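First the structure, in the form of structure tokens, and then the observations on it.
The values are calculated or read from the model by the stated rules, or taken from the named source; none is laboratory data. The model shown is predicted, which means the values in this text are computed figures rather than measured ones. No Cβ is skipped: glycine too gets one built from the backbone with ideal geometry, and neighbour counts run over all protein chains shown. To get the accessible areas, we keep the full protein, side chains included, count just its heavy atoms, and leave off ligands, DNA and RNA. Shrake-Rupley method; radii C 1.70, N 1.55, O 1.52, S 1.80 Å.
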There are 2 protein chains.
Amino acid sequence: MQLYGGIEAGGTKFVCAIGDNTGKILERARIDTTVPEDTMPKVIDFFQQIHAKTPLAAIGISSFGPVDLDIKSPTYGYITTAPKSGWDQFDFVGTLKAALNLPIGFDTDVNGAAIGEARWGNGKGVDSLVYWTVGTGIGAGGILYGKMMHGLIHPEMGHTFIPHDTVHDPFAGICPFHGDCLEGLASGPALMERWGVKSAVDLPDGHEAWDLEAKYLGYAMANCVMTISPQKIIIGGGVMQKKGLLQMVREKTLEFLNNYIKHDSILEDIDNYIVAPGLGHNSGVCGAFALAEQALHVPS
Amino acid sequence: MQLYGGIEAGGTKFVCAIGDNTGKILERARIDTTVPEDTMPKVIDFFQQIHAKTPLAAIGISSFGPVDLDIKSPTYGYITTAPKSGWDQFDFVGTLKAALNLPIGFDTDVNGAAIGEARWGNGKGVDSLVYWTVGTGIGAGGILYGKMMHGLIHPEMGHTFIPHDTVHDPFAGICPFHGDCLEGLASGPALMERWGVKSAVDLPDGHEAWDLEAKYLGYAMANCVMTISPQKIIIGGGVMQKKGLLQMVREKTLEFLNNYIKHDSILEDIDNYIVAPGLGHNSGVCGAFALAEQALHVPS
């Protein structure tokens, strides 16, 4: 039985965990994201203490970003232009490798969650899937032929452009780069600002906010189907905790596709095509185990 | 030197050709697309006559569609729900295989063009690219890790939804499925209907049609970058023959991305990132040779 270390690195906290090759979490710790000089020694200490007793085979990182995933790049394994102070140009992989001397797997948080779901969650048995998170931001990661979708850099689907009916929804959007891109219109903070509430999930059932949210996410899912043609779409994140929203998104996706994509998975079985994460809140950290597992085969 | 047969199968004509493993076209014939009982015997005859003298190693097909690409499906190799009369549920691969007994490669017309460009055109040296065609319809095919983007079915990016400013462009769009999807707003027939002209390329330089066209295609390219993150985007098709349009599309793409995707290929070198087809009008037929080549390794 191999043991893996996993890090789900976010802008607020790092979840550090130990898992096995069934995706089971054996131990976990939460470390606040402050600055690298403070956060990283705690992260390293967590893994060193465990590794001294029960050796780890590899460590995987699902990281906030943007990150450099180009193995041939001199800044491979770096967080590149992070908005989070102190983490800009931080050599994440290099720092861990120097301290622990283990194979390190590294990817974006959403690509990590995607591979976690593919390995042990609701994406088991498919070789292409897209994992979306709709929360403080909107992001998505993808897998094709069992491999992460890397190309030039990595997907940033949360910032794609969708139809915005400015007559019925004059809200300008909150994305500092794009205004009314998907994240600008449909992230948690967009809902809070548009409707003047402290938390999106507090908006009551039947509030027009949810119809609008389902519409924007429905456009995004329809575009995702017609661009990547994944075998499965998984949607997690804080905003998706709103009861009934997932079903509304499925219905809008079908409405927008309008029978154009003729496949039973969509036409007959949308409830099993667009689904919630099978690993709940653990997609990211389990994904980090899966990245560790991959790193054993293609060491970085 | 291997010899390949290639078929670029469209709704108007079939281009049948013989090529070698440098992508060179040695012989070609045009056969009208009428009904399978008329068209296919001519296609088969073309290849049989050549094969009898100089044996072909395999045949590739870049086909209009939609098509069934699932090798495990009982209707693999079929044109499925073609709008073209007579071709609905036509067993394209099976018919050719029965007549010629050669390995047959089969994919969509745009996936074929994508692999043609990757093998011998402007996509040489990259392992992810998207090929767009903007003409009678809008379509796109993609390659990742050197393999076609197949998932549930295949990409249908021409039908994705983009922002449509109905105040400044009240045109409802012509897509029978989606109204104002990308194809509904920006295909050749959409331009003809919106502006009342017989051919899109006849619209004069400086006409507002071209600003609008560049805007819609710019949204599509920005979404493509942020969804698939390809290393290269190639745009062909009849509408793109309009001089200056490609450059306008590049500029709109940069404007919409607004420095969010920080990679030199986009920020510093967009002229080499979004490009015209290196094979000109031959991307599809050369792509068929590349599909034939693939079929030798993974026989269907």
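Rounded to the nearest Hz, the phi-derived 3J(HN,Hα) couplings of region B:190-206 under the Karplus curve 6.51 cos²θ - 1.76 cosθ + 1.60 (θ = phi - 60°) are 5, 4, 4, 6, 4, 9, x, 10, 8, 8, 4, 5, 6, 4, x, 3, x, where x marks glycine and proline.
Within the straight-line cut-off of under 18 Å between alpha carbons, the aspartates and glutamates reachable from B:Lys243 are B:Asp202, B:Asp205, B:Glu208, B:Asp211, B:Glu213, B:Glu251, B:Asp271, sequence neighbours fewer than 8 places apart in one chain being disregarded.
Can you give me the angle between helix A:36-53 and the longest principal axis of chain A, using Cα atoms only, in degrees from 0 to 90, rounded to the nearest 10? Here the helix axis deviates by roughly 60 degrees.
Computed from backbone phi, the HN-Hα couplings of region B:114-119 come to 4, 6, x, 5, 5, 7 Hz, rounded to whole numbers (Karplus: 6.51 cos²θ - 1.76 cosθ + 1.60, θ = phi - 60°; Gly and Pro given as x). When accessible surface is computed with a 1.4 Å probe, chains A and B are found to bury approximately 4000 Å² between them, both chains counted. Could you check what % of the DSSP bridge pairs in chain B are antiparallel, to the nearest 5? Taking every DSSP beta bridge with both residues in chain B, the antiparallel ones total about 60 percent. For A:Glu37, inter-copy separations between label points set 7 Å beyond Cα along the Cβ vector come to 8.4 nm, shortest first.
Contact order normalised by length for region A:1-156, with contacts defined as Cα pairs under 8 Å and 6 or more residues apart; what percent is it? Numbers along the way, then the final one.
On the way: 297 pairs, mean separation 27.3, N = 156.
Value for region A:1-156: 17 percent.
Accessible surface of B:His154, taken over heavy atoms with a 1.4 Å probe and every protein chain present, rounds to 10 Å². Computed in the context of the full set of protein chains, the accessible area of chain B at 1.4 Å probe radius has 51% of its extent on carbon or sulfur.
Which of the residue pairs B:Lys84/B:Lys147; A:Lys198/A:Lys242; A:Lys42/A:Lys97 have a Cα-Cα distance greater than 21 Å in the structure shown? Please report the intermediate quantities before stating the final value.
Working: B:Lys84/B:Lys147 28 Å; A:Lys198/A:Lys242 15 Å; A:Lys42/A:Lys97 15 Å.
Cα-Cα > 21 Å for B:Lys84/B:Lys147; rest within.
Taking every DSSP beta bridge that has both residues in the protein assembly as shown, what percent is antiparallel when rounded to the nearest 5? So the antiparallel bridges in the protein assembly as shown amount to around 60 percent. Each other copy holds its own label point for A:Thr81; taking that point as 7 Å from Cα along Cα to Cβ, the gaps run 4.1 nm, nearest first. For region B:124-247, the calculated P(r) over all alpha carbon pairs, in 10 Å bins from 0 to the bin holding the longest distance, is 13, 45, 31, 10, 1 percent. Among the trypsin sites (Lys or Arg not before Pro) in region A:232-300, those located in a DSSP loop and surrounded by at most 10 other Cβ atoms within 10 Å of their own Cβ are A:Lys243. Working from Cα positions, state the angle (0 to 90°, nearest 10) between the long axis of helix A:283-297 and the longest principal axis of chain A. Value to nearest ten degrees: 50. When A:Met1 is represented by a point 7 angstrom out along its Cα-to-C-beta vector, the spacings to that point in the other copies are 6.2 nm, nearest first.
Counting alpha carbon pairs within less than 8 Å and at least 6 residues apart, what relative contact order, in whole percent, applies to chain A?
Here the relative contact order equals 23 percent.
For chain B, the Kirkwood radius over C-alpha pairs fed into Stokes-Einstein at 37 °C and 0.692 mPa s yields D = 167 µm² per second.
Per-residue ellipticity at 222 nm, computed for chain B from helices alone with -39500 (n - 2.57) per DSSP H run of at least four residues, works out to -11000 deg cm²/dmol. Give the angle, between 0 and 90 degrees and rounded to the nearest 10, that separates the Cα long axis of helix A:245-257 from the longest principal axis of the Cα atoms of chain A. Taking Cα atoms only, the helix is inclined about 60 degrees.
Taking every DSSP beta bridge that has both ends in region A:122-276, the antiparallel portion is near 60%.
Applying a threshold of 23 Å to the alpha-carbon distances of A:Lys232/B:Lys232; A:Lys124/B:Lys72; A:Lys72/B:Lys262; A:Lys232/B:Lys124 flags A:Lys232/B:Lys232; A:Lys232/B:Lys124 as lying beyond it.
Here's the list of aspartates and glutamates a cross-link from A:Lys24 could span, going by alpha-carbon distance under 14 Å and ignoring same-chain residues fewer than 8 apart: A:Glu117, A:Glu293.
Every pair of different Cα atoms in the protein assembly as shown enters the Kirkwood calculation, which places the hydrodynamic radius at 25.1 Å.
For region A:127-144, the Karplus equation 6.51 cos²θ - 1.76 cosθ + 1.60, evaluated at θ = phi - 60°, returns couplings of 10, 9, 7, 10, 10, 10, 10, 10, x, 4, x, 10, x, 8, x, x, 10, 9 Hz by residue, with Gly and Pro reported as x. Look at the alpha carbon pairs under 8 Å that are at least 6 residues apart: their mean separation over the length of region B:122-276 gives a relative contact order of 26 percent.
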